[in-house]
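Taking it in order: structure first as structure tokens, then the write-up.
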Amino acid sequence: MKTQRFRAVAGFGASLLAVALAAPASAQEESREEIIVIAQRQNATGVAREGSLGVLGDKAAEDVPFAIKSYNAALILNQQPQTLGQVLENDPSVRTSYGFGNAAEQFVIRGFSLAGDDVGFDGLYGITPRQLIAPELYEQVQVLNGASAFLNGAAPGGSGVGGSVNLIPKRAGSKALTRLTANYTSSAHFGGSFDVARRLGAGGEWGVRVNGAARRGDVAIDDEFRSTYVIGGAIDYDSGPLRLSLDLAYQRVHVARLRPKLTLGAGITAIPRVPEADANYGQPYQFTTLRDIYGEFRAEYDLSDDAMLYAAFGARDGSENGYYSTLTLTDLASGEATVSGSLIPRTDNNEAATAGLRVKLGSGGITQEFNFGGSAIWQVNRNAYEFYAESSEINNIYAPVTVEQPSMVTFFGGDLDDPFPISRTRLMSAFVSDTIGVWDDRILLTAGMRLQQIQTKSYSAFTREKVDEYKQDAVTPVVGVVIKPVAGVSLYANRIEALVQGSAAPAASGDIPVSNAGQVLPPIKSKQYEVGGKLTLPRFSASLALFQIDRATAILTPDPDRAGFLRYGPNGIQRNRGIELSFEGEPVDGLRIIAGGSILDAKLRRTADGVNEGNDAIGVPDYLVNANVEWDVPFVPALTLTGRVVHTGEQPANAANTLSLDDWTRFDLGARYVVVVGDNPLTLRFLVDNVADKRYWSTSFDTFRPDLLQGAPRTFKLSASIDL
């Protein structure tokens, strides 16, 4: 059946390409070639060395002491990713996992997690959908490698120690746009999208952009169903010193019979062999439904050529519902596994704001850029839950069966029909920075600090009464330097921190009491040191970074002042060291490359009672390699061939380091062809992800426990876009 599917889809793709090759152009040949060249150039770009750096504003990478890059809408259009994680497959420093037992993408940057809760929307936290993010609405996906508590503020979800992701919504550009796209993903997932942009007014000061997408059907994993509906609208005004923008979006995602992660039972002493690539050991009653309405208003006003006021406010109303399932392997040889379940309805009401003043000064060959401002985040989480005991029936990862839906309640809280608030969070901050430039800005020194306050209130899931409150302050400084010895070369170094909320000390550990029981720890800082270099030339860009991040964690240690007692404090350390190399460009006409690699050494440096001290951290590969290649075939001018390789090294699967996942390599191939219909370019795409249909465990990373996530099977993608 799988062979027949391969032949059918491959035949369809070949037929589509053949028809396109034979299609005549109604315009003159010279005009046709010009349209094809323009379309190829528009579709070819994919990566830019620039992005938004929070406090510092929009910057080119060569001017800042941090590692940043952006993946743009052209790359998203060409690759047809269905989630943010599939966009980030292009990055050699990022890998994607699932968290919380459902279809919740979390990203691993420099060996640390970034939760969907902590993905930024045009610089604001808490505004984007938190579990799965459809990428069609965004002009750029910006990736900042490294800690960013000063730049962006503390992430409210407590992740982002190793890096952050910021999404820039689509707005009208200088040219009118009308684009229609139809797409197909195997095995039966069909969809389409539209994108319309116009500039209005006598001087084009008003911009309007509306775009949306709808797709639904089974994906390449057997019987896994997904549907996505998104629509976004943007209005912007740009005239004189004033710039305004309003972005609004709606997203609804439904996933049924998700193939879950596999938890290894207590008696499992080896990594199980991998099931068939498209096998689905999920259950038909599993589902996740996510609905989000969100948006942002932003204003900028130029007080002068060198001074700007800015402010932004955003909000999100989100709801989640689903029956989630946990699969636990109990027999290594046979593949038998138990199935438990949970029902966790949730709603979120979040708001975020920032405002500031940016001033540039220059005198006597010295320039300065000052930043002053503040930010605030308000979040309300309404939640309820029921957890269910394992079903009496047994599943099997190699021969999946439907088992009775678990229904015996083991743990519960809240009102499932009408969840009420169980937490309220407020983050406030004030920041100041100064970037001094000398030697015609060939040396740039940045220093700054952000005073942050984290306040949370938690409520009983049974009585609705407040049970705990947390309010603590912290200062997160930054210092960085950029040196440009010659044109196109930047050398840089930084020292910056990450910040997460502290937790409360427990009363005891077993029979040993804790001397500071109940004490709430102040926010916990993690420190990063980084040096690197960047090369920016007309045809290509490259960067090299060496970093060390010491992540502090709260653990129990013997109290030196009270014999027989333990003390709870931020004394644990996980140290991640690494080297990152990336490259993108067009070294010769028609050949474009996005490539890079990372080497990681993630060690548990200090742990409670020394357990597993010195071991490698769970789920952090020892190296990562990515390479994307596009080639405009010279003897078929409208044809572009594409290829991608993704390689992930060996990674520990448990804290004791007695289990590890093998390294794996995935190959993707594709083709893109432009045909002229009238005077309009029609771009046809045929892609195959995981060409070899390789079966592999992609990651063992999880926030709570070492689970195994299986890689996606061979997936065919067809799409056609016409610009009218």
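Derivation of every value follows stated rules applied to the coordinates shown; laboratory data play no part. Since the structure is predicted, the reported quantities are computational estimates derived from the model, not experimental observations. For neighbour counting, all protein chains shown are included, and Cβ atoms are generated from backbone atoms with ideal geometry for every residue, glycine included.
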query: So, counting K/R as plus one and D/E as minus one, what does the shell of residues with Cβ under 11 Å around S541 add up to?
result: 0
query: Taking the Cα centre of the range 2-723 as origin and charging only Cβ (+1 Lys, Arg; -1 Asp, Glu), how large is the dipole, in debye to the nearest 20?
result: 180
statement: Heads up, the range 2-723 by the C-alpha gyration tensor (a ≥ b ≥ c square roots of eigenvalues; a/c under 1.5 rounded, else a/b over b/c prolate, else oblate) looks oblate
task: Provide the packing ranking of 148-159, 89-100, i.e. peptides ordered by the mean count of other C-beta atoms within 10 Å per residue, highest first.
output: 148-159, 89-100
Overall form of the range 116-218 per C-alpha gyration tensor (a/c, 1.5; a/b vs b/c): oblate
Burial order of peptide ranges 710-717, 441-448 (average beta-carbon count within 10 Å, highest first): 710-717, 441-448
Among 291-304, 59-72, 194-207, the order from most to least packed when residues are scored by Cβ within 10 Å on average: 59-72, 291-304, 194-207
query: For P523, what charge total do you get from the other residues with a beta carbon under 14 Å from its beta carbon, if Lys and Arg give +1 and Asp and Glu give -1?
result: +4
message: Using the Cα centre of the range 512-623 as origin and beta-carbon charges of +1 (Lys, Arg) and -1 (Asp, Glu), tell me which of I618, A563, A608 is placed farthest towards the positive end of the dipole.
response: A563
- prompt: Rounded to the nearest 20 Debye, what is the dipole magnitude of the range 73-171 about its Cα centre when Lys and Arg each give +1 and Asp and Glu each give -1 at the C-beta?
  reply: 60
field: Part-to-part distance (alpha-carbon centres) for the range 418-449 and the range 227-248, which is given in Å
entry: 24
query: Summing Lys, Arg as +1 and Asp, Glu as -1, what charge do residues with Cβ under 14 Å from the Cβ of V629 carry, V629 excluded?
result: -2
- request: Filter the chymotrypsin sites (Phe, Trp or Tyr not before Pro) in the range 429-517 to those in DSSP coil with at most 16 other Cβ atoms within 10 Å of their Cβ, and list the result.
  value: W439, F462
- prompt: GluC sites (Glu not before Pro), restricted to the range 368-437: which are DSSP loop and have at most 11 other Cβ atoms within 10 Å?
  reply: E404
query: In sequence order, what are the phi-derived ³J(HN,Hα) couplings for the range 660-668 according to the Karplus relation 6.51 cos²θ - 1.76 cosθ + 1.60 with θ = phi - 60°, rounded to whole Hz, with x for glycine and proline?
result: 8, 8, 5, 5, 8, 9, 10, 10, 10
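Filter the cross-link list K69/K534; K59/K360; K534/K603; K694/K717; K170/K534; K527/K603 down to pairs whose alpha-carbon distance in this structure exceeds 22 Å. Before the final figure, lay out the partial values.
On the way: K69/K534 12 Å; K59/K360 14 Å; K534/K603 28 Å; K694/K717 17 Å; K170/K534 28 Å; K527/K603 15 Å.
Checking Cα-Cα distances, K534/K603; K170/K534 exceed 22 Å.
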task: Work out the charge dipole of the chain with +1 on the Cβ of Lys and Arg and -1 on the Cβ of Asp and Glu about the Cα centre, then indicate which of L684, P485, G126 is farthest towards its positive end.
output: P485
